[in-house]
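Below: the structure, in structure tokens.
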Amino acid sequence: MISRRRLLSAAAASPLLAGGFRAVAAEPVPPPGAARPPLKDLAAAKGILYGSCAAAPQLLSPDDFTELLVRECALVVPENEMKWADMMGPGESSDYRLGDKMIDFVTGHGMLFRAHTMLWYWRTPGWFTEIADRGLAEKKMLERVNDMGTRYKGRVYSWDVVNEPLKPDDGRPDALRQSVFLEKVGPQYLDLAYRAARAADPHAKLVVNEYDIEYDTPEQDTKRLALLKLIERMKKDGTPVDAVGVQAHLSVDRLPFSAKKLRTLLADLAAFGVELQVTELDCTDERAPADIKERDRMVADEYRRFLDVALDETAVKVLVTWGVSDRHSWIVRHETNNMKWRTDAEPSRPLPFDAALQPKPAWTAIVQALDHAPKRGAA
Ligand code: XIL
């Protein structure tokens, strides 16, 4: 439900557009050097944890970016360092050193740690994909879950146990992605993994993290429904799942958006008793003009129309942007799908702070969405 207060402030700012969001012509951003509250404080006032991903050097070789990250964030996610294939040591062993250092840094600075991710089809070691025996594959998969869960036991706010489990296009009635785990272990792999994760670290919230569920397309309609069915089924079977992550990799002017459909998805998920997390918010600008003012306005509008809905749902307790500053982003580094790359020479501007660490209109959009958000019980 859109609160009266939100409607009033929206009306004061500008007329409501068809999608139910406010388009604001000029985005006031604090001038350089002006005092501004950290995003984590504005979020905490509403019972929301604000955080970002970080790569190891961004924490372990401290600079002005590290300072900004620590100032703004209540929670940090390792960008790649805890993905299985990124941890490969000799043979089948794992190298935990960067993960260990990151969790030490994050918790040592009083921040929470959002662990990502135990199992992701896209980052699975080659040796695992070559296992022929089903029983052996199950054993190795569960060893991975148990290793990660027990190593960081008691220090993790939440664990992405399986990342991106769904792909309706693969044609299965249960819409599970035809992933390496499904192929090697069978469709029960999900339940086995979540049970093992719970046994390994009973206090970490166990998350199902998904993407392409934010926009209004027939494909995303199907995926939203598949996600609802999956969570319903896991709950019914007693499989431990505590939270659902909505990645929220947005793009300017790429796909239609329905506030109603996003609102309904979040409410329907919340009705299963799971916490909701926005886990990887950022926004590509390949369809926006080079002009920085205009581009930043468009990116901010995309943030706003998503966040106005997402933060209105009180089950959303975590808001993570996939980076804080355009200085470090997988989008700027061209690690996304190439259809999301700009075709001119301009670097993308996907995050709330620019490369010089100054707040951008997307920052203002986050601040305003937090301001409009109803207060919720803390996570
Ligand atoms: C991305 C990282 O940001 C990149 O550095 C890496 O090259 C690929 O993975 N969904 C996820 C994240 O769950 O782990 C991905 O992170 C972005 C998409």
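The values are calculated or read from the model by the stated rules, or taken from the named source; none is laboratory data. Bear in mind the structure is a predicted one, so any value in this text is a computation, not a measurement. For neighbour counting, all protein chains shown are included, and Cβ atoms are generated from backbone atoms with ideal geometry for every residue, glycine included. Please note that ligands, DNA and RNA were not included when accessible areas were found on the heavy atoms of the full protein model with its side chains. Shrake-Rupley method; radii C 1.70, N 1.55, O 1.52, S 1.80 Å.
For region 365-376, the criterion of being under 23 Å from PRO32 (Cα atoms), in a helix (DSSP H, G or I), small (Gly, Ala, Ser) and over 16 Å from the mean Cα position of the chain (by Cα) is met by at least one residue.
Counting only residues that are open to solvent by 50 Å² or more (accessible area, probe 1.4 Å) and among the basic types (Lys, Arg), region 215-236 holds 4 of them.
The C-beta contact set for region 66-92 (first residue away from the ligand (no atom under 16 Å from the Cβ), second residue part of a strand (DSSP E or B) and open to solvent by less than 10 Å² (accessible area, probe 1.4 Å), distance under 6 angstrom, 6+ apart or interchain) comprises CYS73/GLY51; CYS73/SER52; ALA74/TYR50; ALA74/GLY51.
Tell me, yes or no, whether region 222-233 has at least one residue that is within 16 Å of the ligand (Cβ to nearest atom) and either without any contact (Cβ under 8 Å) to a residue 40 or more places away in the chain or closer than 27 Å to ARG376 by Cα (or both). Checking region 222-233: at least one residue is within 16 Å of the ligand (Cβ to nearest atom) and either without any contact (Cβ under 8 Å) to a residue 40 or more places away in the chain or closer than 27 Å to ARG376 by Cα (or both).
Of the residues making up region 47-74, those that are open to solvent by 10 Å² or more (accessible area, probe 1.4 Å) and among the polar types (S, T, N, Q) are GLN58, SER61.
Could you identify the single residue in ALA356, ALA369, ALA345 that is buried (at least 18 other Cβ atoms within 10 Å of the Cβ) and away from the ligand (no atom under 16 Å from the Cβ)? Step through it out loud before you land on a result.
Numbers: ALA356 fails: buried (at least 18 other Cβ atoms within 10 Å of the Cβ); ALA345 fails: buried (at least 18 other Cβ atoms within 10 Å of the Cβ).
The conditions single out ALA369.
Within region 184-203, does at least one residue satisfy the condition of being within 16 Å of the ligand (Cβ to nearest atom), among the acidic types (Asp, Glu) and crowded, with 21+ Cβ neighbours inside 10 Å? No; the residues of region 184-203 include none that is within 16 Å of the ligand (Cβ to nearest atom), among the acidic types (Asp, Glu) and crowded, with 21+ Cβ neighbours inside 10 Å. Where strands (runs of 3 or more DSSP E) sit wholly within region 237-338, those with at least 1 residues that are open to solvent by 10 Å² or more (accessible area, probe 1.4 Å) and away from the ligand (no atom under 16 Å from the Cβ) occupy 275-284, 316-321. All told, ASP212 meets the bar of being open to solvent by 30 Å² or more (accessible area, probe 1.4 Å), within 16 Å of the ligand (Cβ to nearest atom) and not small (Gly, Ala, Ser).
Evaluate the following for GLU130: is it among the charged types (D, E, K, R), farther than 24 Å from GLU280 by Cβ and surrounded by fewer than 16 Cβ atoms within 10 Å (Cβ to Cβ)? Working first, answer last.
Values: among the charged types (D, E, K, R): yes; farther than 24 Å from GLU280 by Cβ: yes; surrounded by fewer than 16 Cβ atoms within 10 Å (Cβ to Cβ): yes.
When the stated conditions are applied, GLU130 passes them.
Look at ASP169 and say whether it is in contact with a helix residue (DSSP H, G or I) (Cβ under 8 Å, 6 or more places away or on another chain), open to solvent by 60 Å² or more (accessible area, probe 1.4 Å), assigned to a helix (DSSP H, G or I) and within 16 Å of the ligand (Cβ to nearest atom).
Working: in contact with a helix residue (DSSP H, G or I) (Cβ under 8 Å, 6 or more places away or on another chain): yes; open to solvent by 60 Å² or more (accessible area, probe 1.4 Å): yes; assigned to a helix (DSSP H, G or I): yes; within 16 Å of the ligand (Cβ to nearest atom): no.
So ASP169 fails the test.
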